[in-house]
Amino acid sequence: MKCYVIHLAVVVAFSISCATATSQEIGMDKLYELKDAKTRSISPENFTGEKGKGGMATLEEGNAKRAARELGQGWKVNPYIYIEPGQTFTLAEMKGPGVINHMWMTPVGDYRLMIFRFYWDDEKEPSVEVPVGDFFAAGWGLGNEPRITSLAVCVNPRSGFNSYWQMPFRKKCRITMENLGDKRASLYYQIDYSLEPVAKNTPYFHAQFRRVNPLPYKDVYTIVDGIKGRGHYVGTYLAHGANSPGWWGEGEIKFYMDGDTDFPTICGTGEEDYFCGSYGYNERMENGRDAYESFTSPYTGFYHVKYEGSQRRFGQYRWHITDPIRFESDLRVTIQSLGWQSEGRYLPLQDDQASVAYWYQLEPHNPFPPLPAKEKLVIANEIPLEGFLKSNVFIDKTSVEIKGRAGVAEIRYTRDGSEPTTSSTLYNGPFDVTTSCVVKARGFANGKSVTPILEGSFVQKSARGAAKIGKTKPGLALEFFSLEDTLESTQGLAGRKPAEKSVASTIALPARDLPDRFGMIFTGYVTVAARGIYTFSTLSNDGSRLYIGDELVVDNDGPHGDREVSGQIALEPGAHPIRVEYFQAGNMSVLEASIEGGGMAKQAIPAQMLSH
């Protein structure tokens, strides 16, 4: 009974707090009342939200056309979209007056490089400009999503992002997503809104992202600045990356409003205090030691992604739903980055600070500062070094090149398989390898590692001799298997009788309707013109393997989404036996095979190189 009463009070409070945004109050205490509003929803199954226009995508138009091929129009033909690298996709464009009440989405890509933008009425500059993960208080990337159960934002397993911020608009609303990444992203989403009157003095929703890494010594981190006009501040999300050992949350948050200069009107007492925690978010464990304890509540929460050593990562949110911070003319919000040092003294920290400020204000609003550059958006030690494969082959010698993106001050490497440190060999440019070895490389900045270890074996081998074959025919022999069971590996195709046999001109999926579960084996020869090292790759969904003769060159096996894996082999000129195995365990299917080497740039294995 006690829990029930508390929950009801929270819902009622949220209903009251949203009354400033719209005259159509929503809450458990008002749910039974009829309202002068029309409910609409925009998704990939109804891009316009128009009445009676949902689920109209045809098999020719839909991204899930293969899954729906036997059912046709109206059967989940287009539940998601793709956003290509560099593309900005308009998720929704709706005419008002109206109010967005809820948004759900599941993005697949680099959350920091998928930029969410909202434009109200006739705006040219966005009122919301935030990386998608940070908008939903999940800024530490794909695979590091927290579980959040709050009034304004919920993050459900595995990446079910939900926003319940109410967002009114009078004339129109446009929502876009830009993919700044190098790979195609996919997105499932639904935007639920109502068409209803919106008063002229209604403030609009805003959200702004900022990031600094590292924060300069003794600098104060600015969460938001330059807000001009009348409104109220309603929330903060802070992704705090601690770049050094020790406690990191002593800094005070400060709200400078309505002409405040040197000193703020509202001054907090500590970072974890502002996010409604205490004593470093620690819980005493059975072994007597303290450990971070994550929590999520209607208004506040804390979670840890990585909490040992340096570069520890934490997320914190606070929603000012019952206590909005109201301002009449201007607002600036800052937070200090402080830890402890000897003799009980504060220690200014140089941490990774990324934040989202959420507020409502009367338009117009000041333009936002530019987003950080792409290389400063991404999480530092998730930017891998590049330059070589996990397994590399050479005949006489090979040149090793290592590439690091911005944020990597120096690269250190070893050739004996040991872990690189700041005292390891400094990389100054490509170097030659003449004997088999294991190379490990790592990027450093300010004496700290900022990348994962890039590791590769370099094996000296003789070139594989060409096969002696007679007359051949173009293409590869193809065995096709229709499967009733779900495979976990291409090895599950062994001993099965193919449903059909044919000849394939290239290594790719047949251009026809395919069952949900199937397998394929391509066999024949690939002919190369020159002696050299050749890199073969498969891009597949689900598993694939590529053999040259009896040697497994590419192991891309197992159930997985779109994934590319590469491998190398030394070949003499001539024809070499090739075998490609592939299985699909259900849903989306992808298969491509490419070659690089012998003077050829990376490309799909040409049909003229294949025979059987």
Gain in length, D262 to K497, computed as 0.36 nm per residue apart minus the alpha-carbon separation, to one decimal in nm?
76.6 nm
Lys and Arg at +1, Asp and Glu at -1: add these up for the other residues within a Cβ distance under 13 Å of P107 and post the number.
0
Work out how much length E375 to E84 would gain on full extension: take 0.36 nm times their residue separation and subtract the Cα-Cα distance, in nm to one decimal.
102.9 nm
Taking other Cβ within 10 Å of each residue's Cβ, how do T300, T265 sort, fewest first?
T265, T300
Using a simple spin-label model with points 7 Å from Cα along the Cα→Cβ vector, what separation in nm is obtained for H560 and K171?
4.9 nm
If the convex hull of the alpha-carbon atoms of the range 443-516 is projected onto planes in all directions, what is the mean projected area in square nanometres?
11.2 nm²
For the range 555-612, the Rg and Dmax computed from alpha carbons only, in angstrom
13.4, 40
Reference-scaled alpha-carbon Rg (2.2 N^0.38 Å with N residues) for the range 176-310
1.36
Using alpha carbons only, how many degrees (0 to 90, rounded to 10) separate the axis of helix 2-17 from the longest principal axis of the chain?
80 degrees
Averaging sequence separations of C-alpha pairs under 8 Å and six or more residues apart, then dividing by the length of the range 51-207, give the relative contact order as a whole percent.
34 percent
Under the 0.36 nm per residue contour assumption, what length would be gained going from the current alpha-carbon distance of E401 and L426 to full extension?
7.7 nm
How big is the antiparallel share of DSSP beta bridges in the range 411-548, given as a percent to the nearest 5?
95 percent
Which whole number in µm²/s is D for the range 186-258 by Stokes-Einstein, with the Kirkwood Rh taken over Cα pairs at 20 °C and 1.002 mPa s?
128 µm²/s
Once you put a point 7 Å from the Cα of L552 and another 7 Å from the Cα of M609, both along the Cβ direction, what distance in nm separates them?
2.3 nm
Spacing of the two label points (7 Å from each Cα toward its C-beta) at K38 and R284, in nm
6.2 nm
For the chain, state the semi-axes of the equivalent ellipsoid (square roots of 5 times the eigenvalues of the alpha-carbon gyration tensor), sorted largest first and rounded to whole angstrom.
50, 34, 20
Expected 222 nm ellipticity per residue - DSSP helices of 4 or more, -39500 (n - 2.57), all of the chain, to 500:
-1000 deg cm²/dmol
Just add up the charged neighbours of E271: K/R +1, D/E -1, any other residue whose Cβ is under 11 Å from the Cβ of E271.
-4
Bridge orientation stat for the chain from DSSP, antiparallel percent rounded to 5, came to 95 percent
Interatomic Cα distance distribution for the range 94-190, bins of 5 angstrom, percent:
3, 13, 23, 24, 18, 12, 6, 1
Taking amide hydrogens as modeled 1.01 Å from N in the peptide plane, which residues meet the under 5 Å criterion relative to G235, leaving out close sequence neighbours?
H320, Y358
Be a star and scan the range 564-582 for residues whose amide nitrogen sits under 18 Å from the point 7 Å along the Cα-to-Cβ vector of I469.
569-581
Karplus-derived 3J(HN,Hα), 6.51/-1.76/1.60, for each residue of the range 519-527, Hz, glycine and proline x
x, 9, 10, 9, 9, x, 9, 10, 10
As a footprinting exposure proxy, order E250, E33, E386 by other Cβ within 10 Å, with the fewest listed first.
E33, E386, E250
Could you list which residues have their amide H under 5 Å from that of L487, counting only those 5 or more apart in sequence or on another chain, with H placed in the peptide plane?
none
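Values in this text are rule-based calculations from the coordinates and carry no lab data. Model, not experiment: these values are computed from the prediction. Here Cβ is always computed from backbone atoms with ideal geometry, including for glycine, and neighbour counts include all displayed protein chains.
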